[in-house]
1. Hey, got a sec? Which trypsin sites (Lys or Arg not before Pro) in segment 37-78 land in a DSSP loop and have at most 15 other Cβ atoms within 10 Å?
2. Arrange the following residues from fewest to most other Cβ atoms within 10 Å of their Cβ: Ser30, Ser48.
3. Just want the ordering: Asp24, Asp15, from fewest to most Cβ atoms lying within 10 Å of their own Cβ.
4. Are there chymotrypsin sites (Phe, Trp or Tyr not before Pro) in segment 29-78 that DSSP marks as loop and that have at most 15 other Cβ atoms within 10 Å, and which are they?
5. How about segment 11-78: which GluC sites (Glu not before Pro) there are in a DSSP loop, with at most 14 other Cβ atoms within 10 Å of their Cβ?
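Nothing in this text is a laboratory measurement; each read-out follows from the coordinates by a stated rule. In this text, all values refer to a predicted model and were calculated from it rather than measured experimentally. Cβ coordinates were reconstructed from backbone atoms using ideal geometry, including for glycine residues, and neighbour counts include every protein chain displayed.
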Amino acid sequence: MLNPPGLSGEPEKFDYMEFNKVLDTFSNHSTTIINYFEERLTNASAESFNAKIKAFRSQLRGVADLKFFMFRLARLYA
């Protein structure tokens, strides 16, 4: 795990449970957080594509034929 400059080891625990949850979240996801600041990579494109699929599915009012749905999806967004 990479540590920010000036900090090393595990973060110290405080008396406030809510703040300890925040510290645990940063500890668990530190590589992903640091990756964003180093590479400027996010999952925004994947989230955008998922939103397009949901909007397309809602226009069809559900999916009865999965093969046809996948065919239409591939033709529209590929």
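1. Details: sites: Arg40, Lys52, Lys54, Arg57, Arg61, Lys67, Arg72, Arg75; in loops: Arg40, Arg61.
Listed in order of number, the matching sites are Arg40, Arg61.
2. On the way: Ser30 14, Ser48 10.
By the 10 Å Cβ count, ascending, the order reads Ser48, Ser30.
3. Values: Asp24 12, Asp15 6.
Going from sparsest to densest Cβ surroundings: Asp15, Asp24.
4. On the way: sites: Tyr36, Phe37, Phe49, Phe56, Phe68, Phe69, Phe71, Tyr77; in loops: none.
Counting only loop positions with at most 15 other Cβ atoms within 10 Å, none of the chymotrypsin sites (Phe, Trp or Tyr not before Pro) in segment 29-78 qualifies.
5. Details: sites: Glu12, Glu18, Glu38, Glu39, Glu47; in loops: Glu12.
Answer by residue number: Glu12.
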